[in-house]
Amino acid sequence: MTKEIIQTIRVEGMTCSHCEANVNRTLLKLEGIEEVVADKNTSFVKIMGDEINLSEIEKAVTEIGFQYKGVV
């Protein structure tokens, strides 16, 4: 059994629940990510999975129009 990794990043530009859903949906498509919880109020995105590639996450977040601000 692989160890689950939990990582929190900051993503700016989320203003509504649709934005949160867009970030969740996009990141869940990445390999190794099992759960994503985006919060527009804090700009935090909690990511859980067995493989978390921050450069892939940054690319995906940027491609959908949000600003990746790094690990919290």
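The values are calculated or read from the model by the stated rules, or taken from the named source; none is laboratory data. Just so it is clear, the model here is predicted, and its values are computed rather than measured. Cβ coordinates were reconstructed from backbone atoms using ideal geometry, including for glycine residues, and neighbour counts include every protein chain displayed.
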Just wondering, is there one or more residues in the range 36-43 that are modelled with pLDDT of 95 or more, outside any loop (DSSP other than H, G, I, E, B) and surrounded by fewer than 13 Cβ atoms within 10 Å (Cβ to Cβ)?
no
Is it the case, given these coordinates, that Ile64 is within 26 Å of Lys3 (Cα to Cα), touching a helix residue (DSSP H, G or I) at 6+ places or on another chain (Cβ under 9 Å) and either modelled with pLDDT of 95 or more or not acidic (Asp, Glu) (or both)?
no
Report yes if Thr62 is surrounded by fewer than 18 Cβ atoms within 10 Å (Cβ to Cβ), out of contact with any His (no Cβ under 9 Å at 6 or more places or on another chain), not in a helix (DSSP H, G or I) and not hydrophobic (A, V, I, L, M, F, W, C), otherwise no.
no
Return the pairs, sorted by first residue and then second, in which the second residue is among the small types (Gly, Ala, Ser), the first residue lies in the range 1-23 and is surrounded by fewer than 13 Cβ atoms within 10 Å (Cβ to Cβ), the beta carbons are less than 6 Å apart, and the residues are 6+ apart or on different chains.
Glu12/Ser43
Scan the range 17-49 for residues that are small (Gly, Ala, Ser) and either more than 8 Å from the chain's Cα centre (by Cα) or over 17 Å from Gly70 (Cβ atoms) (or both) and jot them down.
Ser17, Ala21, Gly32, Ser43, Gly49
Out of all the residues in the range 34-60, which are among the β-branched types (Val, Ile, Thr) and in contact (Cβ under 8 Å) with a residue 24 or more places away in the chain?
Val45, Ile47, Ile52, Ile57
State which residue is nearest to the chain's Cα centre (by Cα) when the search covers only the range 1-16 and only residues that are of a type in the set (A, V, I, L, M, F, W, C) and more than 17 Å from Tyr68 (Cβ to Cβ).
Ile6
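Here is a yes/no grid of residues against (1) among the aromatic types (Phe, Trp, Tyr); (2) closer than 13 Å to Val72 by Cα; (3) in contact with a Pro (Cβ under 9 Å, 6 or more places away or on another chain):
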| residue | (1), (2), (3) |
| --- | --- |
| Thr15 | no, no, no |
| Arg25 | no, no, no |
| Phe44 | yes, yes, no |
| Ile47 | no, yes, no |
| Asp50 | no, no, no |
